[in-house]
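Structure record follows, encoded as structure tokens.
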Amino acid sequence: MRGFILSLIFLFCFFGTLYAQDELVEDASVWLGLNIEKKLNNRVNLSFSNQNRFDRNITRYRLGYQDLGLDYKVLKFLNVQADYKLIHRQRKDESFSIRHQYNLSFVLKKNFGLWSFSFKNRWQWLYKDIYSSEDGKQAIWTNRNKLTVKYELNKRIQFYTSGELNYIIEPSQEEGLDRYRTSLGLEYKLTRNSGLELFYTMQRELDLSKEINRFHIYGITYQIKI
């Protein structure tokens with residue numbers, strides 16, 4: 001346990017040193033979300049999410065998506081998740097790119113008193129403009145790994161921090177570490193079946209040819225269980 005905590009501290013210290021390595025083009029974004037969850041039985045949950053994102057210092061609508069997913073509890077410490085995401089992303093000419101994303105995730109969880117730890121390994125396949133682009137039927141295949149630590153302050157409030165790495169597998173000419181995110185947030189329970197999540201995320205794009213290299217993201221998500 002002590003070794004795991006030391007590794008976690010090292011991970012976030014490492015991210016911190018990366019922040020100051022070079023001059024970056026930065027932007028501020030806001031993400032507004034809704035998450036609805038339905039328990040089907042003791043092992044299976046159905047979820048629906050909707051999110052809208054604004055960038056260019058919160059002056060431009062960047063994208064919106066709807067996500068439908070299933071969460072299956074395999075073991076006490078292991079969940080498998082599968083979901084489909086429909087994305088509408090604005091291009092530079094203000095038209096919209098239609099994207100289809102398929103995700104398969106494996107989540108490991110462990111609680112230690114008021115602390116909880118989770119690790120998510122996600123395999124992601126993204127198709128852009130299938131019927132209007134020559135490359136539309138070629139998937140962008142990505143592997144994402146996210147480590148999250150939560151602390152339960154009381155029955156209503158949980159704080160958390162997380163770190164995520166994004167690695168492109170296909171197309172092969174783009175293979176490599178694409179970006180990383182670090183987050184701080186809190187979850188506030190409004191009622192027995194609803195709550196709010198507030199968070200700040202720093203997203204660093206490692207491809208310096210991109211127009212924006214670092215995003216400061218401020219988000220709020222309304223969560224409800226039915």
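Computed from the coordinates by the stated procedures, all read-outs in this text should not be read as laboratory data. Nothing here was measured: the structure is a model prediction, and the numbers come from that model. Virtual Cβ from ideal backbone geometry, glycine too; neighbours counted across all protein chains shown.
With R₀ set to 25 Å, the beta-carbon distance separating Q138 from L86 gives a calculated FRET efficiency near 0.85.
Quickly estimate the mean residue ellipticity at 222 nm for the chain, helices only: each DSSP H run with n ≥ 4 gives -39500 (n - 2.57), and the total goes over all residues, rounded to 500.
That comes out to -2500 deg cm²/dmol.
Shown is the FRET efficiency for Y102 and L206, computed with R0 = 25 Å from the Cβ-Cβ distance and rounded to the nearest 0.05: 0.55. Among 120-131, 32-43, sorting by the average number of other beta carbon atoms lying within 10 angstrom of each residue, highest first, gives 120-131, 32-43. Between I220 and F112, the FRET efficiency from the beta-carbon distance, with R0 = 25 Å, is close to 0.30.
At full extension, V44 and Q173 could sit 42.6 nm farther apart than now, given 0.36 nm per residue minus the alpha carbon distance. Extension gain, W123-I157: 0.36 nm per intervening residue step, less the Cα-Cα distance, totals 9.2 nm.
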